[in-house]
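Q: Please see the structure below; I have some questions.
Derivation of every value follows stated rules applied to the coordinates shown; laboratory data play no part. Keep in mind that this is a model prediction, so the values were computed, not measured. Backbone-built Cβ (ideal geometry, glycine too); neighbour counts: all protein chains shown.
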Amino acid sequence: MTNPTDSIEFASLLCSRLCHDLLSPVGALNNGLELMADETDPEMRQRCLDLLADSAKTSANKLKFFRLAFGSAGGFGDTVPTHEARVAIEGMFAASGRVKVGWMIEEDMLDKLPVKVLLNLALIAGDALVRGGQLDIGAERRPGVTEIVVRAEGPKLVLDPDLRAALAGTLPPEGLASRTSAAWMVRTLVTSTGGEIALSPAGEPMLLFGASIPDAQ
């Protein structure tokens with residue numbers, strides 16, 4: 001990316017990322033419809049219907065997650081019910097069945113910005129669990145600040161070095177691409193409030209993200 005502060009150029013990268021993530025389930029919907037059009041065997045038609053149902057559910061789960069993680073979360077006020085975030089995260093990883101989500105948040109509501117950061121960190125950590133594993137998510141409101149912790153542990157953890165650099169603030173502008181746009185956004189959102197992002201060192205058996213976000217003034 002030539003200018004990471006160009007909102008239009010950055011938006012195009014983020015849109016590319018979202019379209020890439022939606023391509024698979026939407027493509028499966030199209031394939032299922034094509035099979036249905038030519039299939040006459042009742043058993044095979046039922047399999048096609050099952051495929052369509054699974055693909056539709058996956059698409060809906062992704063869209064619900066993206067709405068909270070990347071959108072303005074319209075329909076909510078200044079705060080978002082944490083139950084909505086939990087449902088979005090669990091739905092995002094439900095299709096594979098390989099990632100078990102541990103929810104460690106007692107708060108009923110969180111401000112929109114911490115929810116956005118929490119969702120994006122959970123997505124990055126969950127994607128790093130290439131063979132599945134445990135994804136634990138915690139958040140707590142303290143006087144003047146919201147603290148977030150996301151921990152991923154599994155048989156194989158792979159975090160793209162560019163994603164790590166984007167979160168750490170060391171990614172050069174020319175390294176910003178669609179795959180790193182969400183991590184760069186998280187870093188920018190947190191630091192713009194005077195907050196901090198923390199990451200566990202590379203090579204550790206467990207991936208740990210932390211974020212400290214001051215309350216809006």
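Q: Using a Gaussian network model of the chain with C-alpha springs under 10 Å, which one of Gly138, Gly32, Gly195 is most mobile by mean-square fluctuation?
A: Gly32
Q: If the elastic network links every pair of Cα atoms under 10 Å, which of Gly154, Gly126, Gly27 fluctuates the most in the Gaussian network model of the chain?
A: Answer for the Gaussian network model of the chain: Gly27.
Q: Could you size up the charge dipole of the chain around its Cα centre, putting +1 on the beta carbon of Lys and Arg and -1 on that of Asp and Glu, and report it in debye to the nearest 20?
A: 180 debye
Q: For segment 147-217, rounded, prolate or oblate, judged on the Cα gyration tensor with a ≥ b ≥ c (square roots of eigenvalues), a/c < 1.5 rounded, else prolate if a/b > b/c?
A: The shape class here is oblate.
Q: Something else: According to the square roots a ≥ b ≥ c of the eigenvalues of the Cα gyration tensor, what is the shape class of segment 75-213, taking rounded for a/c under 1.5, prolate for a/b larger than b/c otherwise, and oblate for the remainder?
A: oblate
Q: Additional query: Students often forget the sequence filter, so: which lysines lie under 21 Å Cα-Cα from Lys62 once same-chain residues fewer than 8 apart are removed?
A: Lys100, Lys112, Lys116
Q: To continue, here is another question. Using helices alone, what [θ] at 222 nm do you get for the chain, with -39,500 (n - 2.57) per DSSP H run of 4 or more residues, divided over all residues and rounded to the nearest 500?
A: Roughly -17500 deg cm²/dmol at 222 nm, from the helical runs in the chain.
Q: Right, another one. In whole Å, what are the extents of segment 1-140 along the principal axes defined by its C-alpha atoms, from largest to smallest?
A: That works out to 54, 40, 33 Å along the principal axes.
Q: What does DSSP give for the chain in terms of the percent of beta bridges that are antiparallel, rounded to the nearest 5?
A: Here the share of antiparallel DSSP bridges comes out near 80 percent.
Q: If I model a spin label at His83 and Met206 as a point 7 Å from the Cα along the Cα→Cβ vector, what separation in nanometres do I get?
A: For the pair His83/Met206, the computed spacing is 3.0 nm.
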